[in-house]
1. Within the range 40-56, work out how many residues are in contact with a Ser or Thr (Cβ under 9 Å, 6 or more places away or on another chain) and of a type outside the set (D, E, K, R).
2. Of all residues in the range 100-109 being within 12 Å of the chain's Cα centre (by Cα) and of a type outside the set (Val, Ile, Thr), which is modelled with the lowest pLDDT?
3. Can you tell me which residue among Tyr54, Tyr112 is more than 15 Å from the chain's Cα centre (by Cα), modelled with pLDDT under 80, of a type outside the set (S, T, N, Q) and outside any helix (DSSP H, G or I)?
4. Given the conditions (1) under 30 Å from Leu16 (Cα atoms); (2) touching a strand residue (DSSP E or B) at 6+ places or on another chain (Cβ under 9 Å); (3) aliphatic (A, V, I, L, M), and given that Leu119 satisfies all but one, which numbered condition is not satisfied?
5. Just give me the residues in the range 57-73 being within 12 Å of the chain's Cα centre (by Cα) and of a type in the set (Gly, Ala, Ser), in sequence order.
6. Exactly one condition in (1) at pLDDT 95 or above; (2) more than 20 Å from Ile47 (Cβ to Cβ) is not met by Leu87; state its number.
7. Can you say whether Lys98 is surrounded by fewer than 16 Cβ atoms within 10 Å (Cβ to Cβ) and touching a residue at least 24 places away in the same chain (Cβ under 8 Å), as far as the supplied structure shows?
8. For residues in the range 53-88 being surrounded by fewer than 15 Cβ atoms within 10 Å (Cβ to Cβ) and of a type in the set (Asp, Glu), which is farthest from Ser99 (Cα to Cα)?
Amino acid sequence: MFDLKKISFLVIVPILLIFLIAIYFIGKNYGKAKAGAEDTDNLNAEIKPNLLSYPVSTYKDMADTLFTAMLGIGTDYDTIKSTLAKLNNSSDFFQLQKSFGTKASATYLWVYTPFSGTLIQWLSNELNDDEKKEMSDLLLTKNITLTI
């Protein structure tokens, strides 16, 4: 016969775990989107159109490439690195950040966990400390003095 206590335990524990994971990720990402929106307002002042290395449409393509590399489970670090390596100056980075805008992800491991943020916030969320340092060092070689 079925043991009702065991069945109840086997149903309740996974539901409780999913709920706790969702709460963790919601709390972790709360408020990041608002801060990113305020940063985006300042980008136009930082972009010097005469210093842009590419047409604006190329930055949009690069932003989409970065978003795809970071979306979902796992991060395509090589794509992030090769995309950021194409930047030549601060105006390039600011235009890329402006083109990226604020992007959102709604699922992670089948649990509703909204994450919304700017390019810097996505990179900061997706890369480990060693990768962040490597990307910051790469940008510094192009005189882009931003820390991820």
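1. 8
2. Of everything passing the filter in the range 100-109, Ser105 is modelled with the lowest pLDDT.
3. After ruling out the rest, the residue left standing is Tyr112.
4. The one condition Leu119 does not meet is (1).
5. Those that are within 12 Å of the chain's Cα centre (by Cα) and of a type in the set (Gly, Ala, Ser): Ala63, Ala69, Gly72.
6. Here Leu87 meets the rest and fails (2).
7. No, not satisfied.
8. Checking each candidate, the answer is Asp78.
The values are calculated or read from the model by the stated rules, or taken from the named source; none is laboratory data. Keep in mind that what you see is a predicted model, and the values were worked out from it rather than measured. Please note: Cβ atoms are built from the backbone with ideal geometry, for glycine as well, and neighbour counts cover all protein chains shown.
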